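Take a look at the structure set out below.
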Amino acid sequence: FAPFLDGISAEWLDFSKDGKWIAYVSYPDGALWKCRTDGSDKMQLSFPPSHPVLPRWSPDGLTLIYFEFPLGAAKPGHIFQISAEGGTPQEVLPADRNNQQDPNWSPDGTRIVFAGDANDASGGNTGPDIRILDLRTHKVTPVPGSQSLYSPRWSPDGRHLAAMTGDSEML
């Protein structure tokens, strides 16, 4: 093990697929940043009151997605995307009134898989389901049999998904 980014207080980091860049959220202020793995070329990508969670690099390294936690029943958690070069974050599905959390890119970068709030899965109700957004058509499709599952991840070939159960006892 070797330390990196010495002295930075950060959480929720992700490495670009080429291994040259890191995206992270500074703690405690909650801003999204990117920098090279040696700490150089540091650039702030988001600003308060935005509070990104779990940023993920697109396979081509051009875009980051993340979500923001829900702020009550009237403001569910939503997914945002932002250019790796900066700019204004854009909601991916602004009209969707469901929780959108823990987004992840498909290996080919054409789809985003995400789920609802994991806390919805722990109370014995039907909980969240896993959904896939096709970026070419903007169509959202629920994954059959995914009720009460969250934290979806693609297999390296993009043919399968893994997810956790609400009680975190099974994968």
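The values are calculated or read from the model by the stated rules, or taken from the named source; none is laboratory data. Just so we're clear, the structure is a prediction, and the values are computed from it rather than from any experiment. Note that each Cβ is placed from the backbone with ideal geometry, even for glycine, and that neighbours are counted across all protein chains shown. Quick note on the areas: whole protein, heavy atoms, side chains included, nothing else; ligands and nucleic acids left out. Shrake-Rupley method; radii C 1.70, N 1.55, O 1.52, S 1.80 Å.
Got a sec? Which strands (runs of 3 or more DSSP E) wholly within the stretch 1-119 have at least 2 residues that are farther than 19 Å from Arg131 by Cα, touching a Cys at 6+ places or on another chain (Cβ under 9 Å) and not basic (Lys, Arg)? Walk me through it before giving the result.
Working: elements: 10-15, 21-26, 32-36, 53-57, 63-68, 78-83, 101-105, 111-115.
Output list reads 21-26.
For (1) of a type outside the set (Phe, Trp, Tyr); (2) out of contact with any strand residue (DSSP E or B) (no Cβ under 9 Å at 6 or more places or on another chain), each residue gets a yes or a no:
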| residue | (1), (2) |
| --- | --- |
| Ser16 | yes, no |
| Trp33 | no, no |
| Gly39 | yes, no |
| Met43 | yes, no |
| Pro48 | yes, yes |
| Arg56 | yes, no |
| Ile82 | yes, no |
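Restricting the search to the stretch 129-144, which residues are at negative phi and open to solvent by 70 Å² or more (accessible area, probe 1.4 Å)? If you could, list the steps in order and put the result at the bottom.
Of the stretch 129-144, the ones at negative phi are 129-137, 139-144.
Across the stretch 129-144, the qualifying residues are Arg136, Thr137, Lys139, Pro142, Pro144.
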Scope the stretch 14-40; condition without any contact (Cβ under 8 Å) to a residue 24 or more places away in the chain and within 15 Å of the chain's Cα centre (by Cα); matching residues: Ile22, Gly30, Ala31, Trp33
As an exercise: evaluate Tyr27 against (1) touching a strand residue (DSSP E or B) at 6+ places or on another chain (Cβ under 7 Å); (2) within 13 Å of Phe80 (Cβ to Cβ); (3) among the aromatic types (Phe, Trp, Tyr) and give the number of the one condition it does not meet. (2)
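Would you confirm, using the coordinates I've provided, whether Asp120 is farther than 17 Å from Phe69 by Cβ and either surrounded by fewer than 16 Cβ atoms within 10 Å (Cβ to Cβ) or modelled with pLDDT under 95 (or both)?
Details: farther than 17 Å from Phe69 by Cβ: no; either surrounded by fewer than 16 Cβ atoms within 10 Å (Cβ to Cβ) or modelled with pLDDT under 95 (or both): yes.
Criteria not met by Asp120.
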Those residues of the stretch 64-112 that are out of contact with any Ser or Thr (no Cβ under 7 Å at 6 or more places or on another chain), at pLDDT 90 or above and among the acidic types (Asp, Glu) come to a total of 3
Residue satisfying condition, being over 25 Å from Gln100 (Cβ atoms) and open to solvent by 40 Å² or more (accessible area, probe 1.4 Å), within set Asp29, Asp18, Asp60: Asp18
